[in-house]
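Data first, discussion second: the structure below is written as structure tokens.
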Amino acid sequence: MRDLNYGWILRYIHANGASMFFICLYIHMFRGLYYGSFIFPRHLTWVSGFVILVLTIATAFLGYVLPWGQMSFWAATVITNLFSAIPLVGTPTVEWLWGGFAVGNPTLNRFFTLHFLFPFVIAGLVGLHIALVHRTGSNNPLSFDNSHNSMSFYSYFFIKDLLGVEIFLLFFLFLVCETPNMLGHPDNYVYADSIKTPAHIVPEWYFLPLYAILRTIPSKAGGVICMACALLTIMLIPFYIRTSIKGCTFFIMNTQWFWSFVSTALFLGWLGQKPMETPYLEMSLYSTISYFALFMTKMFWF
């Protein structure tokens, strides 16, 4: 930003591009849930897409640490410490990630290397994901078998998707040029200080629902298990939901379930940025219970 002409736009595109990436991922995932795109024979497509989501979360976290601000430093300290909850290998794993006994320069070197390498793994998985889509075909809003009555991608869907891409890029351009720091936390513009803990540690917005679930449980191991189960319930949904009803378009109960799930996820995201005190602590607990109850309802009732 200081030494390169228009370096500011390169940095802001990279920083805000992570948020744009997650907006696309979450919209795509919610679309798959709404239209039942996870149901057999598309279960492997869903699982591969979920693995891409998890690796993207890991890549974004690694990149969030690199600016070395207050939030970056303490987020790295808190999140890497979660591995210490793993029996036997937890503490050696944390020390390997740190490159020592605390987050420091060796940690940055490791995180920078992994942040560079993970996108290549994600690109390979995207190729596998697209191959699985071509093998099973895409779902449709009407949720019927379109193997004998399909439409070509070009020019029908190409033109439709191109309009969406143009609107999305206009929003991205506005974000980069007008409000590039809107999605960043002010404390992350303060240089990292290991002896000054921020009053309230807040991750990036796309981590907030998982962060709310993680800190609901007082025990470190319990919080990690709860967060892992929250992810696994989404990944394994094709295997414990066996139904011929593929989407929500014509089924009111599926529609109600979907919007209840979206509302719960958004509410958890809002709670994730609040301090852990009354009444937010109790609200986080009830919302976490509601999150798992929704999947139990989906499993046994419809």
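The values are calculated or read from the model by the stated rules, or taken from the named source; none is laboratory data. Keep in mind it's a predicted model, so treat the numbers as computed, not measured. With ideal geometry, Cβ positions are generated from the backbone for all residues, glycine too; neighbour counts draw on all protein chains shown.
Considered as a group, the residues in the stretch 57-72 that are out of contact with any Pro (no Cβ under 9 Å at 6 or more places or on another chain) and not in a loop (DSSP other than H, G, I, E, B) include one that is farthest from I130 (Cα to Cα), and that residue is G69. Checked against (1) within 30 Å of N105 (Cα to Cα); (2) among the small types (G, A, S); (3) touching a residue at least 60 places away in the same chain (Cβ under 8 Å), S219 passes all but condition (3). Only one of the numbered conditions (1) outside any loop (DSSP other than H, G, I, E, B); (2) surrounded by 15 or more Cβ atoms within 10 Å (Cβ to Cβ) is violated by W96, and that is (2).
Residues that are under 23 Å from the mean Cα position of the chain (by Cα) and within 23 Å of F61 (Cα to Cα) do not occur anywhere in the stretch 137-153. For the stretch 1-20, taking the residues that are surrounded by 15 or more Cβ atoms within 10 Å (Cβ to Cβ) and in contact with a Phe, Trp or Tyr (Cβ under 9 Å, 6 or more places away or on another chain), the one that is farthest from L55 (Cα to Cα) is identified as I13. Looking at R31, is it surrounded by fewer than 16 Cβ atoms within 10 Å (Cβ to Cβ), under 30 Å from N254 (Cα atoms) and in contact with a Ser or Thr (Cβ under 9 Å, 6 or more places away or on another chain)? It is true that R31 is surrounded by fewer than 16 Cβ atoms within 10 Å (Cβ to Cβ), under 30 Å from N254 (Cα atoms) and in contact with a Ser or Thr (Cβ under 9 Å, 6 or more places away or on another chain). Quick one: would you say A75 is under 23 Å from A212 (Cα atoms), part of a helix (DSSP H, G or I), at pLDDT below 90 and within 18 Å of the chain's Cα centre (by Cα)? Criteria met by A75.
For P41, work out the one condition from (1) in contact with a Phe, Trp or Tyr (Cβ under 7 Å, 6 or more places away or on another chain); (2) part of a loop (DSSP other than H, G, I, E, B) it doesn't fulfil. It fails just one condition, (1). Each residue in the stretch 237-246 was checked for being over 21 Å from F267 (Cβ atoms), among the hydrophobic types (A, V, I, L, M, F, W, C) and either modelled with pLDDT of 90 or more or in a helix (DSSP H, G or I) (or both), and 1 pass. Cβ-Cβ distances below 9 Å connect the following pairs, each with a first residue in the stretch 163-187 that is closer than 25 Å to F73 by Cβ, a second residue that is surrounded by fewer than 10 Cβ atoms within 10 Å (Cβ to Cβ) and among the small types (G, A, S), and a separation of six or more residues or different chains: D187/A199.
Restricting Y211, Y154, Y206 to residues that are part of a helix (DSSP H, G or I), hydroxyl-bearing (S, T, Y) and farther than 30 Å from I225 by Cα narrows the list to Y154. Being of a type in the set (S, T, Y), in a loop (DSSP other than H, G, I, E, B) and surrounded by fewer than 18 Cβ atoms within 10 Å (Cβ to Cβ) holds for only one residue in T216, T249, T255, T233, and it is T249. Of the candidates F158, F172, the single residue that is out of contact with any Lys or Arg (no Cβ under 8 Å at 6 or more places or on another chain), surrounded by 12 or more Cβ atoms within 10 Å (Cβ to Cβ) and hydrophobic (A, V, I, L, M, F, W, C) is F172. Right, I225: more than 20 Å from Y26 (Cα to Cα) and surrounded by 13 or more Cβ atoms within 10 Å (Cβ to Cβ) or not? Answer is yes for this residue.
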